[in-house]
Ligand SMILES: C[S@@+](CC[C@H](N)C(=O)[O-])C[C@H]1O[C@@H](n2cnc3c(N)ncnc32)[C@H](O)[C@@H]1O
């Protein structure tokens, strides 16, 4: 299917929304799955820079990927031992399981559920929250998620996050006046949240044209 047609379907398809309890439509999950049945171009890889950073810094690691969707990008991870993909959407998980077998990816296990309700029985070498918290819900009010990341990371483990900086005066004011009603957050505020959760900031990356600022932290 041509990319433009895929974009049209994605515009009208139902997105998953854990806050309102809405699951993704099959068309939406299919649209996501298709984005991973393409060659690994420079732009594709750049879109998953958080995974490439973790994969280049860690070896034989176990990653918890929160909001993994259909998880096809796990094919970029060359050095992982195992990935646990967690997603609220049953439809995304079901399509993801089929996609993983289509792509021959054996190291990902997919679990359906929210990060907030997830009770792991192990500690992880890496935890990713890019694309879920800070995108679906604002960072302010989600301090518990950062705390949880620190608890489930093994000492020395890495976490990846993303936040959206204000780009206009209106967004800047909205972030100050209504911090829980916008995903836009000032860098100083986000970094204070990281500090309070006792995570150590090691790297941050801005990519021109991307809404996200990627942040990598370690637990001590
Ligand atoms: C924008 S999609 C990204 C999917 C995938 N990471 C990718 O890049 O292809 C975000 C996914 O995060 C999931 N999600 C959002 N908030 C979540 C939460 N609190 N717990 C678990 N999953 C969540 C949604 O169901 C959705 O499938």
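Every number in this text was worked out from the coordinates using simple rules, so none of it is lab data. Here the structure is a predicted model, which is why all the values come from computation and not from measurement. Here the Cβ positions follow ideal geometry from the backbone for every residue, glycine too, while neighbour counts run over all protein chains shown.
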For this session: Give the residues of segment 5-27 that are touching a residue at least 12 places away in the same chain (Cβ under 8 Å), part of a loop (DSSP other than H, G, I, E, B) and out of contact with any helix residue (DSSP H, G or I) (no Cβ under 9 Å at 6 or more places or on another chain), sorted by residue number.
Result: 18, 19
Exercise. If you go through segment 187-205 one residue at a time, do you hit one that is part of a strand (DSSP E or B) and either within 15 Å of the ligand (Cβ to nearest atom) or within 19 Å of residue 88 (Cα to Cα) (or both)?
Worked result: no
For this session: Consider residue 65 carefully, then state whether it is under 22 Å from residue 116 (Cα atoms) and either more than 8 Å from the ligand (Cβ to nearest atom) or crowded, with 17+ Cβ neighbours inside 10 Å (or both).
Result: yes
Exercise. Given the residues 203, 146, 199, 153, which is the only one that is in contact (Cβ under 8 Å) with a residue 12 or more places away in the chain, buried (at least 18 other Cβ atoms within 10 Å of the Cβ) and more than 23 Å from residue 69 (Cα to Cα)?
Worked result: 199
Exercise. What tally of residues in segment 48-62 results from selecting those that are free of Cβ contacts under 8 Å to residues at least 40 places away in the same chain and within 11 Å of the ligand (Cβ to nearest atom)?
Worked result: 1
For this session: Can you work out which of the residues in segment 106-133 that are more than 10 Å from the ligand (Cβ to nearest atom) and surrounded by 18 or more Cβ atoms within 10 Å (Cβ to Cβ) is nearest to the chain's Cα centre (by Cα)?
Result: 127
